[in-house]
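K.L.:
Below are the structure tokens for one structure; questions will follow.
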Amino acid sequence: MSWPTSWGPAPRYATPRTPERETFGPQVRKIAKLLGLKRLPVQEYIWDVALEVQSEAAGDPNPGEWAYDTCDLTLPRRGSKTVTFQPVVMHRAELIQRASIAMTAQTGKAATKRWLDLANVIEDSYMGDRVRKRESVGRERLTWVKSKSILEPFSPKDDANHGDEHDLIGADEVWKIDAAQGHSLDQAIRPMMLTNNLQFWRFSTAGTSASAYYNAMRRQGREAVKSGRNRGKFYIEFSVPEVVGGVKVEELSDEALVELIAAHHPRSYDLDMIQFLRDELANAQEPEGEGRDGFLRAYGNHTVLDVSRIPLVAAPVMARGLKTSAGIPVGSDIAVGLAFDLDPEKRRGAISAVWRDEQGVARSTIIKSKPGTTWVASEAIGILERGLNLYPHIAVNDTTVTRDVADQIHTAGFELLKVNSIDYAGACNRWYDETTAVDEHRQPKPTLWHEGHPQYLESVAGAGWRDAGRGGGRVFAVRDEPIVELTSTALALWAFDHLPEPEYDPGTFKIR
């Protein structure tokens, strides 16, 4: 990647330009000039690379189509993310006849606001006499008179819109889109890429450790750049490093933090960032401010630990004292609760089992815990087929993330206990109640033990609580690393306690 020093700080990660390809970047730059935009070096770089067209000279498989169907921009606050997308929309609307362009955000209301902001820019620009705007609630649309192209907003939950054949989609503030919404969005958009020359642009500042959809986007983008990938995914990221001189960025002094951020911000070449950042940090640390972590997240584009609303599930030492060597007995007639769970970012999966002894004390074990999630379905089916114990069903937290694995297990002919959001909260709290149970003298007397699996101990130590939403109560939350060993154990406990009642056999009817 070539990045002249006159352009200011270089991006931390960026897909390089492929010179053997033509690009629509110069055309978009002309539109930006007509809009009166300053046209920052980072913007021109993004337009030149993200708008490359596949060519025979580059050895591409589909000459004439976009080189990148997914364009991910993660820039700090004041990095001109949204403004970069404006001329792209205007260019696409006149490049393609009857182009379908859509915008989304974390909610329908937010998506409509983003659409209106852009629609107003276009309406007030040199292009204003070429478009017609409709603002009726639920039917907002900007239409280009000549090309018949349309720009409209949609919610990531809007399934009806997902069936459309779009040519360009923009998703703003991706860090606020939760894992379920993001999964639904991807499931709707990916098939379009097989039949339409579509580009999906996602732009966002960093989020928190709970921003599963954004964090997956960032991880995949970094991997694409590191591997030298130059087709399919365009990625650019400006951010501060996690560690500086052996010191975590969160632990730097205020002044050192300000100087570090200024040295990595894409606007440092044309703005007095030092004084600006000092003022912003001071404001962030006011009683009503977003705090030092919020400042670091916004201007350093650094993912921070979401601890303000997620207290620890338990003291890290709590689960360690509940280790037992008494395992689950093997027997095809011995009923056992079985469950699996997947990390929202698909970093890890786990399968757990729970059984109660004659005193009602639960014994838990992690059958398998492993990075990735593609292995879970076949492993779970293998366990059920071997039948070392009686597994009337396998429990799963019923979410979009787990749906594919659950469907594979169901297709293989095995019963599932799909735990809804209310019962999942019940499972989480049951795990906690049994782990922290006390006797009549208020002395610890836990009724849930485990075999000491190290990943289980780590997941307990790193998990937090979050509100369960409309169902009420609270559930386990990912603070940083995956916690599937904990969640699958809670689900296995729930599975055992909700085993189906044995069928009553009245015996053979006889007349005496």
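K.L.:
In square angstrom, what is the accessible area per residue of the chain with a 1.4 angstrom probe?
P.N.:
47
K.L.:
Near Lys109, which aspartates and glutamates are there with a Cα under 17 Å away, not counting those fewer than 8 places off in the same chain?
P.N.:
Correct list for Lys109: Asp117, Glu135, Glu140, Glu152, Asp158, Asp159, Asp172, Glu173, Asp178.
K.L.:
Could you check how much of the accessible area of the range 147-279 is carbon and sulfur, as a whole percent, using a 1.4 Å probe?
P.N.:
Whole-percent figure for carbon plus sulfur exposure: 49.
K.L.:
Within the range 393-456, report the trypsin sites (Lys or Arg not before Pro) that DSSP leaves as loop and that have at most 15 other Cβ atoms within 10 Å.
P.N.:
Here the sparse-neighbourhood loop sites are Arg442.
K.L.:
So how do 240-249, 15-24, 166-175 stack up, highest first, on mean other-Cβ count within 10 Å?
P.N.:
166-175, 15-24, 240-249
K.L.:
Okay, next question. Identify, among His265, Ser149, Ala180, the residue whose Cα sits farthest towards the positive end of the charge dipole of the chain, taking +1 on the Cβ of Lys and Arg and -1 on the Cβ of Asp and Glu, with the dipole about the Cα centre.
P.N.:
Result: Ser149, furthest along the dipole toward the positive end.
K.L.:
For the chain, find the longest principal axis of its Cα atoms and tell me its angle to the long axis of helix 25-35, 0 to 90°, nearest 10.
P.N.:
In the chain, helix 25-35 runs at an angle near 70 degrees to the longest axis.
K.L.:
Restrict the search to the range 409-445; then list the GluC sites (Glu not before Pro) that DSSP places in a loop and that have at most 11 other Cβ atoms within 10 Å of their Cβ.
P.N.:
Glu440
K.L.:
Using mean Cβ contacts within 10 Å as the protection proxy, how do 491-499, 454-462 order, highest first?
P.N.:
491-499, 454-462
K.L.:
Quick check: the distance between the Cα centres of the range 56-132 and the range 472-501, to the nearest angstrom?
P.N.:
So the two Cα centres are separated by 41 Å.
K.L.:
Could you tell me whether the range 83-169 comes out rounded, prolate or oblate from its Cα gyration tensor? Rule is a ≥ b ≥ c as square roots of the eigenvalues, rounded for a/c under 1.5, then prolate if a/b exceeds b/c, otherwise oblate.
P.N.:
Prolate.
K.L.:
In addition: What percentage of the solvent-accessible surface of the range 24-73, computed with a 1.4 Å probe over protein heavy atoms, is contributed by carbon and sulfur atoms?
P.N.:
C and S atoms contribute 46 percent here.
K.L.:
To continue, here is another question. Sorted by packing (mean other beta-carbon atoms within 10 Å per residue), highest first, where do 215-223, 189-197 land?
P.N.:
215-223, 189-197
K.L.:
Please give the charge dipole size of the range 96-202, origin at the Cα centre, charges +1 on K and R Cβ atoms and -1 on D and E Cβ atoms. Round to the nearest 20 debye.
P.N.:
Rounded to the nearest 20 debye, it is 260 debye.
K.L.:
Next question, about the same structure. Under 5 Å between amide hydrogens, which residues at least 5 positions from Leu416 or on another chain qualify, with H placed 1.01 Å from N in the peptide plane?
P.N.:
Amide H neighbours of Leu416: Ile394.
K.L.:
Helix 273-284 sits at what angle to the longest principal axis of the chain, using alpha carbons and giving 0 to 90 degrees rounded to 10?
P.N.:
40
K.L.:
Could you state the angle between the C-alpha long axis of helix 484-497 and the longest principal axis of the C-alpha atoms of the chain, as a value from 0 to 90 degrees rounded to the nearest 10?
P.N.:
40
K.L.:
Follow-up. Return the lysines within reach of Lys368: Cα separation strictly under 24 angstrom, same-chain partners fewer than 8 residues apart disregarded; answer none if there are no such residues.
P.N.:
Cα-Cα hits under 24 Å: Lys323, Lys346, Lys418.
K.L.:
What is the range 1-67 by shape, rounded, prolate or oblate, if you read a ≥ b ≥ c off the alpha carbon gyration tensor as root eigenvalues and call it rounded for a/c under 1.5, prolate for a/b larger than b/c, and oblate otherwise?
P.N.:
Oblate shape, in that a/c is at least 1.5 and b/c is the bigger or equal ratio.
The values are calculated or read from the model by the stated rules, or taken from the named source; none is laboratory data. Every value quoted in this text rests on a predicted model; they were computed, and no experiment measured them. Positions of Cβ are generated from backbone atoms using ideal geometry, with glycine treated the same way; all protein chains shown enter the neighbour counts. For accessibility, only protein heavy atoms count, side chains too; no ligands or nucleic acids. Shrake-Rupley method; radii C 1.70, N 1.55, O 1.52, S 1.80 Å.
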